[in-house]
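Have a look at the structure below before the remarks.
The values are calculated or read from the model by the stated rules, or taken from the named source; none is laboratory data. None of these values were measured; they are calculated from a predicted model. In this analysis, Cβ positions are derived from the backbone assuming ideal geometry, glycine residues included, and neighbour counts consider all displayed protein chains. Remember, those area values only see protein heavy atoms, side chains included, never the ligands or the DNA or RNA. Shrake-Rupley method; radii C 1.70, N 1.55, O 1.52, S 1.80 Å.
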Amino acid sequence: PHLAALVLARGGSKGIPLKNIKLLAGVPLIGWVLRAAIDAGVFHSIWVSTDHDEIEKVAKQFGAQVHRRSPEVSQDSSTSLEAITEFLNHHHEVDIVGNIQATSPCLHPSDLIKVADLIQKEGFDSVFSVVRRHQFRWSEVKKGENKMTEPQNLNPAKRYRRQDWPGELYENGSFYFAKRHLIEKGYLQGGKMAYYEMRAEHSVDIDIDIDWPIAEQRVLSFGYFGKEPLKEVKLLVCSIDGCLTNGRIYVTEDHKEMVSYDYRDIVGLDLLKKRGIQVRLIADRDCSKTLSAMQLGCVAKVNVTNKLQVLKDWQEDMGLSWKEVAYLGNEESDVECLKQAGMSGVPADACAAAQKAAAYICKSRGGCGAVREFAEHIFLLLEKVNSARKQ
């Protein structure tokens, strides 16, 4: 049977405008779940249902196909079931839908693989995600009612210790898998049902602005970053024009060139070097005089026609794996380097091709703190590497 992953991502989010493609830890929100779905390797097709051009663009960048949903199922009042039903009406080849929520960025491929087995091999009609919580519930007393609250799942005279109570299962909204015949009857949950319990640290949902910084930290600690495990970065290669500088060249009356840079970026480079990470610079044009004036103390290669070849030479000379190489670029000439490096980033104003190739998109523009921001991102991921080693 054809198992399709379907992410619903309309453009009219009320809580956070265009929430589905807002950057979370340098990656568009929808990108986290699409990466997990693709790497799970269990789906015959992966789709994003949207009514918005920018969301369509991002979805395709991450390797998904796009179903343009109709205005009728793109309203504030439209339900997920209505959007999924419309999708099935246009894709008769699909037998099972795995509806994955874009707002659950800590989803891992291993979860999706196990759920696919439940529905394909064990014969369940629907499977949905839950998380275990240890929370005591009390009945609500509405304003004006003359009554007392009552305990719902505890005896106040004998309160459980956490370790003595298994807790309760709650839907966490991460995903809902269901067979076509069930959806066509108007159900996402029904028939032979099963739940899949996700780990608490992977159960993250984003609804309003205040959820965002918390989710960002959770993703950096527990998110899925790709098939290969992260390794400690040993080398950062940074494009000069457009990353370390803002790309502008000022020409004086006596034909001398001047560029500007942000001191925060210089501090970022110094912090990287203090952590034992080598920093090397690269440029398409000959900017040797500019580098000399900046006195950065970094190995640099300028007037380069093939950046990837230079990057390969450096990587081989240092005896590094690609996972140990980070690259910050911003132009089409950086694209192949961004694809090859284990950790890749671009400033906020990088060209579209570079943004598509990078794993991290900075909030800062080139020459305005992007290098420092990418350095901080490297440090956070190094903490994740060290944490994994300890475990």
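Could you grab me the full set of residues in the stretch 275-288 that are open to solvent by less than 30 Å² (accessible area, probe 1.4 Å) and more than 18 Å from Phe374 (Cβ to Cβ)?
Correct list: Cys287 only.
Give the stretch 176-191 a look and list any residue that's surrounded by 14 or more Cβ atoms within 10 Å (Cβ to Cβ) and of a type in the set (D, E, K, R), or say none.
Correct list: Lys179, Arg180.
Mind listing whichever residues of the stretch 54-90 are open to solvent by 60 Å² or more (accessible area, probe 1.4 Å) and more than 20 Å from Arg35 (Cα to Cα)?
Answer for the stretch 54-90, where residues must be open to solvent by 60 Å² or more (accessible area, probe 1.4 Å) and more than 20 Å from Arg35 (Cα to Cα): Arg68, Pro71, Glu72, Gln75, Asp76, Ser77, Thr79, Glu82, Asn89, His90.
The conditions are (1) in the same structural domain as Leu328 (by the TED database); (2) more than 30 Å from Lys307 (Cα to Cα); (3) among the hydroxyl-bearing types (Ser, Thr, Tyr), and Tyr250 fails exactly one of them. Which is it?
(2)
Test Lys273 against the stated conditions and say whether it is modelled with pLDDT of 80 or more, within 21 Å of Val335 (Cα to Cα) and in contact with a strand residue (DSSP E or B) (Cβ under 8 Å, 6 or more places away or on another chain).
No, not satisfied.
Table: residues versus (1) charged (D, E, K, R); (2) in contact (Cβ under 8 Å) with a residue 24 or more places away in the chain; (3) more than 24 Å from Ile119 (Cα to Cα); (4) not assigned by the TED database to the domain that holds Pro105.
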position	(1), (2), (3), (4)
Ala37	no, yes, no, no
Phe43	no, yes, no, no
Ile46	no, yes, no, no
Ser49	no, yes, no, no
Glu56	yes, no, yes, no
Gln61	no, yes, yes, no
Arg68	yes, no, yes, no
Pro71	no, no, yes, no
Ser74	no, yes, yes, no
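Going through the stretch 331-359 one residue at a time, which ones are touching a strand residue (DSSP E or B) at 6+ places or on another chain (Cβ under 6 Å), under 18 Å from Leu381 (Cβ atoms) and open to solvent by 20 Å² or more (accessible area, probe 1.4 Å)?
Once the filter is applied, which keeps residues that are touching a strand residue (DSSP E or B) at 6+ places or on another chain (Cβ under 6 Å), under 18 Å from Leu381 (Cβ atoms) and open to solvent by 20 Å² or more (accessible area, probe 1.4 Å), the stretch 331-359 yields Gly342, Ala359.
Assess whether Asn172 counts as being in contact with a Lys or Arg (Cβ under 6 Å, 6 or more places away or on another chain) and either touching a residue at least 40 places away in the same chain (Cβ under 8 Å) or open to solvent by less than 80 Å² (accessible area, probe 1.4 Å) (or both).
No, not satisfied.
Among the candidates Leu311, Leu328, Leu291, single out the residue that is touching a residue at least 40 places away in the same chain (Cβ under 8 Å), farther than 21 Å from Tyr261 by Cα and surrounded by 15 or more Cβ atoms within 10 Å (Cβ to Cβ).
Leu311
Please identify the pairs in which a residue from the stretch 138-155 that is within 18 Å of Glu168 (Cβ to Cβ) and among the small types (Gly, Ala, Ser) has its Cβ atom under 7 Å from the Cβ atom of a residue that is in a loop (DSSP other than H, G, I, E, B) and open to solvent by less than 80 Å² (accessible area, probe 1.4 Å), counting only partners at least 6 apart or on another chain.
Filtered contacts from the stretch 138-155: Ser139/Thr149.
Those residues that are open to solvent by less than 80 Å² (accessible area, probe 1.4 Å) and not aliphatic (A, V, I, L, M), I need them from the stretch 192-212; list them, please.
Tyr196, Glu197, Glu201, His202, Ser203, Asp211, Trp212 - these are the residues of the stretch 192-212 that are open to solvent by less than 80 Å² (accessible area, probe 1.4 Å) and not aliphatic (A, V, I, L, M).
Return yes or no: is Glu93 among the acidic types (Asp, Glu), in contact (Cβ under 8 Å) with a residue 60 or more places away in the chain, open to solvent by 10 Å² or more (accessible area, probe 1.4 Å) and more than 24 Å from Glu171 (Cα to Cα)?
yes
When you look at Tyr261, is it in contact with an Asp or Glu (Cβ under 8 Å, 6 or more places away or on another chain), of a type outside the set (A, V, I, L, M), open to solvent by 80 Å² or more (accessible area, probe 1.4 Å) and at pLDDT below 90, yes or no?
So Tyr261 does not fit the description; no.
Could you check Leu154 against (1) in the same structural domain as Asn330 (by the TED database); (2) assigned to a loop (DSSP other than H, G, I, E, B); (3) of a type outside the set (Phe, Trp, Tyr) and say which number it fails?
Among (1) in the same structural domain as Asn330 (by the TED database); (2) assigned to a loop (DSSP other than H, G, I, E, B); (3) of a type outside the set (Phe, Trp, Tyr), Leu154 violates only (1).
Filter the stretch 103-141 down to residues that are of a type in the set (Asp, Glu) and open to solvent by 40 Å² or more (accessible area, probe 1.4 Å) and give me whichever is nearest to the chain's Cα centre (by Cα).
Only one residue fits best here, namely Asp117.
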